[in-house]
Amino acid sequence: QKEVEQNSGPLSVPEGAIASLNCTYSDRGSQSFFWYRQYSGKSPELIMFIYSNGDKEDGRFTAQLNKASQYVSLLIRDSQPSDSATYLCAGYNTNAGKSTFGDGTTLTVKP
Amino acid sequence: GAVVSQHPSWVICKSGTSVKIECRSLDFQATTMFWYRQFPKQSLMLMATSNEGSKATYEQGVEKDKFLINHASLTLSTLTVTSAHPEDSSFYICSATSGVSTDTQYFGPGTRLTVL
């Protein structure tokens, strides 16, 4: 079992819809979680991070964390074609001093 | 803020030669830098973790003598691919974290290496 699991997709949503990206993790030592967006041929860019249980909103993005269920999600409201990319979930373990990345979910937003 | 640069952005070299890739944090002091490799349509693979002034910690299966990492200052880390072969062709990406926010990684733009 991988430490961070994501559905590989592709996930396809129509423009304007809500895209829901999910991530589960197995390392209970992970204390903070990150969502990165990676366009094809480019390096990842940070979208959001979340430390506490519950929701965290930033513009069209909402991250959700449930430590009891070891589950992290990212909601993208009013999806745009420019949101089409691969989304990487990562969990950071303070003791290890590094993050573990999922394989990513590919999102396609159709006009 | 939190800008990380890499140089070169792409490089083509002959088999058997060595290639050096630089990673710089431009507006913050990077206490830790990470080096990743990514093959097409595959996930990020962590190669090593580098702390300023100390030896890099390599992930299992990564040859430390082939991938030399130097983190000589708080703003610069280098990765040297020694005696490169075609199978080393990949997208190499560095990231950096600061002492203020040790868990948040900021990625460089990546270096695409092609070994002929």
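General remarks:
- Here the gap between A:ASP55 and A:ARG77, fully extended at 0.36 nm per residue and compared with their Cα-Cα distance, gives a gain of 6.5 nm.
- For segment B:77-86, 3J(HN,Hα) per residue [Karplus equation, 6.51 cos²θ - 1.76 cosθ + 1.60, θ = phi - 60°, Hz, x = Gly/Pro]: 10, 10, 10, 10, 8, 8, 6, 5, 10, x
- Percent RCO, i.e. relative contact order, over chain B, from Cα pairs under 8 Å lying at least 6 residues apart: 37
- By the Cβ rule of 4.7 Å, chain B holds the following cysteines without a possible disulfide partner: B:CYS13.
- Available extension along the chain between B:SER101 and B:MET45 is 17.9 nm, counting 0.36 nm per residue and deducting the alpha carbon span.
- Taking every DSSP beta bridge that has both ends in chain A, the antiparallel portion is near 90%.
- The string of couplings for segment A:9-16 from the Karplus curve (6.51, -1.76, 1.60, θ = phi - 60°) is x, x, 9, 10, 9, x, 4, x Hz, one whole number per residue in order, with x for Gly and Pro.
- Contact order for segment B:8-69, expressed relative to its length and based on alpha carbon pairs under 8 Å spaced 6+ residues apart, stands at 20 percent.
- Taking other Cβ atoms within 10 Å as a rough exposure proxy, B:HIS85, B:HIS71, B:HIS7 sort from fewest to most as B:HIS85, B:HIS7, B:HIS71.
- Cβ-Cβ FRET estimate between B:LEU26 and A:GLU45, R0 fixed at 22 Å, reported to 0.05: 0.90
- Distance in nm between pseudo-label sites at A:ASN95 and B:ASN70 (7 Å out along the Cβ direction from Cα): 3.5
- Each Cα pair under 8 Å and six or more residues apart adds its sequence gap; the mean of these over the residue count of segment A:13-88 is a relative contact order of 41 percent.
- Evaluated over chain A, the count of Lys pairs having alpha-carbon atoms less than 30 Å apart is 11 (only pairs 8 or more residues apart or interchain).
Here, each number is a calculation from the coordinates, and none is a lab measurement. These numbers come from a predicted model, not from an experiment. Cβ: placed from backbone, ideal geometry, glycine included. Neighbour counts: every protein chain shown.
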